[in-house]
1. What is the Cα coordinate range of the range 289-410 on the first, second and third principal axes, sorted by size from largest, in whole angstrom?
2. So which chymotrypsin sites (Phe, Trp or Tyr not before Pro) in the range 302-402 are both in a DSSP loop and have at most 14 other Cβ atoms within 10 Å of their Cβ?
3. With N set to the number of residues, divide the alpha-carbon radius of gyration of the range 74-155 by 2.2 N^0.38 Å and report two decimals.
4. Measure nothing fancy, just the Cα-based angle from helix 383-409's long axis to the longest principal axis of the chain, in degrees from 0 to 90, nearest 10.
5. Counting each DSSP H run of 4 or more residues in the chain as -39500 (n - 2.57), what helix-only mean residue ellipticity at 222 nm follows after dividing by all residues, to the nearest 500 deg cm²/dmol?
6. Kindly put 127, 184, 307 in sequence by how many other C-beta atoms sit within 10 Å of each C-beta, fewest to most.
7. Please turn the phi angles of the range 88-98 into ³J(HN,Hα) values with the Karplus equation 6.51 cos²θ - 1.76 cosθ + 1.60 (θ = phi - 60°), one per residue in order, whole Hz, x for glycine and proline.
8. Rounded, prolate or oblate: which fits the range 188-258 when a ≥ b ≥ c are the square roots of the eigenvalues of the alpha-carbon gyration tensor, with rounded for a/c under 1.5 and prolate only if a/b beats b/c?
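Any read-out appearing in this document is the output of simple, stated calculations on the displayed coordinates, not a laboratory observation. This is a predicted model, so every value here is computed, not measured. Positions of Cβ are backbone-derived with ideal geometry, glycine not excepted, and every protein chain shown enters the neighbour counts.
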Amino acid sequence: MKYNKPVVVGHFVVSFDNVVNGFLTVVMAPLFFGATDSQVIQLLSSYAAYAALFITGPIGALTFGRMGDKIGRRRMLLVSIAGIGIPVVSIGILPTYSTIGIAAPIILVFLRFIQGIFKGAEFAGVLIHNHETGNKEVRSSADVVSIGCLGGFIAAVVCWGISQDVMPSWSWRAPFWIGGLLALATFLFRMRIPETDDFIRVLNEQNISRTPIRDLLRDYKLETFTGIAVGATYTAFAYSSMMFGNRLFQQAGYSVAQSMLFSACDLFWISASISICGRIADKVGVLRQINYATIILMVTAMPVCMLISGQLTLVNIYVYMIIVTFLGSLLASCFAAYVLQLFPISCRYSGFSVTDSFGAIIGGLTPFMMLLFSSVFDSNLGCAAWLYVVSVPTFILVNVMDSIMKRRLR
């Protein structure tokens with residue numbers, strides 16, 4: 001397999017920025033939401049602001065996904081990485097609540113909205129470009145996602161470093177500056193990438209769709225809902241380990257810096273798990289792995305959450321994270337390969353962008369929803385309810401979709 005490095009590196013950069021935004025919610029909560037003395041309210045507000053990254057994803061998917069199907073994959077990859085990098089740098093120089101008051105959280109949420117719009121097109125563009133330039137194996141797309149997780153791992157290590165007591169108070173800004181510089185470098189490298197083979201073929205055959213979004217909503221509604229469900233489930237399980245795990249460590253009495261270091265180890269395990277699961281999927285088949293994974297997720301959600309419902313120890317939290325991470329990776333490794341086969345080339349960018357962005361909205365709410373459920377039920381066992389909310393519909397939709405596709409082939 002031959003990867004186009006300037007394309008794949010973009011996912012590394014986006015994952016770096018996502019993890020920085022996620023891990024620093026705990027640090028940024030009192031800085032940007034200082035109007036209340038309640039730490040839970042501050043953290044919920046900060047998680048909600050983090051969710052803004054995902055809420056505007058569909059706007060980018062509908063806008064830039066359509067453009068990707070009409071003007072090509074290469075141009076959209078340039079636009080998307082630029083649109084992500086500028087808000088990241090802006091967050092790094094944004095004054096806090098103590099300086100500009102209520103304007104601080106408002107601007108923060110706005111910048112994350114903008115970043116989320118372009119994020120909706122970036123992830124799709126990277127995986128589609130990789131797929132349409134000959135890398136069609138499951139392990140190929142899984143490796144791209146795994147590389148992104150390595151970006152998250154490095155971001156977590158950076159966040160741990162700047163959270164040390166010896167660091168100056170402004171050091172939380174440094175990861176955002178780094179993310180912005182990485183985005184700029186990626187933009188410059190991408191200026192030389194070629195258009196994909198599949199898009200050139202469709203262009204030469206004059207099969208470019210003038211209305212890819214309308215085609216999607218008219219002819220591929222079930223495919224879209226199914227892709228959203230798969231994306232939501234794998235994202236929810238990943239974030240229940242990666243982001244909510246950070247909260248669990250602090251709940252167990254560890255410092256912010258220690259929690260970030262522990263969670264960084266989980267990110268490394270996520271990267272390895274996705275790569276391993278991609279190779280498993282190439283052997284057992286994408287659909288079979290997705291089916292088995294959703295069944296296992298539904299069966300184990302409650303027992304796994306029991307690990308974090310009582311006294312929190314380092315061992316209990318890590319066992320929870322290791323199990324949840326691997327189960328989520330069974331789906332994460334297959335997501336791109338499964339969704340890309342659901343849509344034709346003429347509306348593939350739109351289809352993948354829409355399914356990924358809407359799925360990310362649901363999955364991106366995981367830290368907020370798990371914190372909310374655990375507060376409502378006064379136990380972390382309530383987190384299992386959220387995992388059922390996302391996994392049960394996925395199992396149903398994937399099997400319905402499979403039945404319909406089999407009938408079409410008869």
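1. 53, 25, 22
2. Filter output for the range 302-402: 377.
3. That ratio works out to 1.39.
4. Helix 383-409 and the main axis of the chain meet at about 0 degrees.
5. Per the formula, -27500 deg cm²/dmol.
6. In increasing order of surrounding Cβ atoms, one gets 184, 307, 127.
7. Per residue, the Karplus-derived 3J(HN,Hα) values read 4, 4, 5, 4, x, 10, 6, x, 8, 4, 5 Hz.
8. Here the range 188-258 falls in the oblate category.
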